[in-house]
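What follows is a short report on a single structure.
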Amino acid sequence: MAITEQVDHGPPPMPISNGHGNGDHDTHTGIVNPKLAMWLFLSSDCLFFGAFISTFLLYRDRPGQAGPSPADVFDIPFTSVTSFILLMSSLTMVLALAAIQRGELRRFRIWIMATALFGATFIGGQIFEFTEFTRQGLNLDTSLFGSSFFVLTGLHGAHVTAGIIWLMSLWGLSMQGRIGPGQSEAVEIAGLYWHFVDVVWIVIFTVVYLIPK
Amino acid sequence: MTDPNDEATNESPVATAEQAAERAIERAEERLPEEMTTPAPGLLPGELRPHPTPVQYVTVAVVLVVITAIEIAVSYTEGTLPDGLIVVLLIVMAFVKFFLVAAWYMHLRTDAPVFRRFFIVGAAAAILLYLIVLTTLHALS
């Protein structure tokens, strides 16, 4: 009869609690899975936008393109205002996070709503800009510049729109009393996404609009 | 004894912007109520230090707005300044803004270093991708 040797490996390592009452987030590394997943997503999204920014830079100045050129259609003062609004939405987002961490739910709702409204204003500006460009003869299929511009900025706008929906759902959950200081991690993860959308616009604004052709 | 690497870092635009922000924060904190000048209590998972205070957040926003205004002004100097200089200035300012948002608003200053590494790898890969695409396709065209 075989004798099985019992090797004592000692007790399993204790998971590190995140201290926010979300037991399903406890990990052995102390790094919570949702936050890690968000950073991995943002890292891959850098490549996603990198590809479209590269395409725009490559195609924008190709000679012999039909339709208006970037210098003909870009309205720098207008885009500067919408960029400023998106920058300010990052400020209201961090103030929302600080408010929920302190348990100030009323302030949290104000700041998160302000963030969503700033985002919606930015999207409104982008729709106006697209409409103006179309009126001036620049469409998705007019030229390589038009295609790469509308795809790049349109995809960024889609990211902002998804962010607005996320923020509004957080606002709705807080109105129902389902979000409080114990769930501030959920607000931080939404904030990471929102700030990422902002830093991508920082690059797009400089590379697409400001750098001379 | 001063480390020459430290000196080099201190002279970079990012370090200069951060120093200016910190001085402005110190001045503002002397005049504001405590809830504006203290970070939110407790640490979120994966954090090593407390988040910035609301005053620090506002100060960073002011710095971002000022840099954006300078960016726009620089873009209007086309024809006055050499194009190469304008491009360099705009890229440096965009990088400073990117750094400020990532470090202060995305909390990479206070979070576990693993998050910073993920983001740096993603951003570096995006720049590498651009360089490969640009050199390859420009050479073909």
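Here are some notes:
- Average beta carbon contacts from partner chains per residue of B:101-112, 10 Å cutoff: 5
- Taking every residue in B:69-78 and counting other chain Cβ atoms within 10 Å of its Cβ, the average works out to 4.
- Selected from A:Pro63, A:Pro181, A:Pro34 as most flexible by GNM, with chain A as the system and alpha-carbon contacts under 10 Å: A:Pro63
- Per-q log10 I(q)/I(0), chain A, q = 0.13, 0.16 Å⁻¹ (Debye; single scatterer per alpha-carbon; no solvent): -0.80, -1.05
- Within the listed set A:Leu192, A:Leu97, A:Leu47, the Gaussian network model of chain A (springs between alpha-carbon atoms below 10 Å) gives the highest mean-square fluctuation for A:Leu47.
- Peptide B:50-56 has a mean of 2 when you count, residue by residue, the C-beta atoms of other protein chains within 10 Å of its C-beta.
- Among A:Leu58, A:Leu95, A:Leu152: highest mean-square fluctuation, GNM of chain A, C-alpha pairs under 10 Å: A:Leu58
Any read-out appearing in this document is the output of simple, stated calculations on the displayed coordinates, not a laboratory observation. Everything quoted here is computed from the prediction, not taken from an experiment. So basically every Cβ, Gly included, is an ideal-geometry build from the backbone, and we count neighbours across all protein chains shown.
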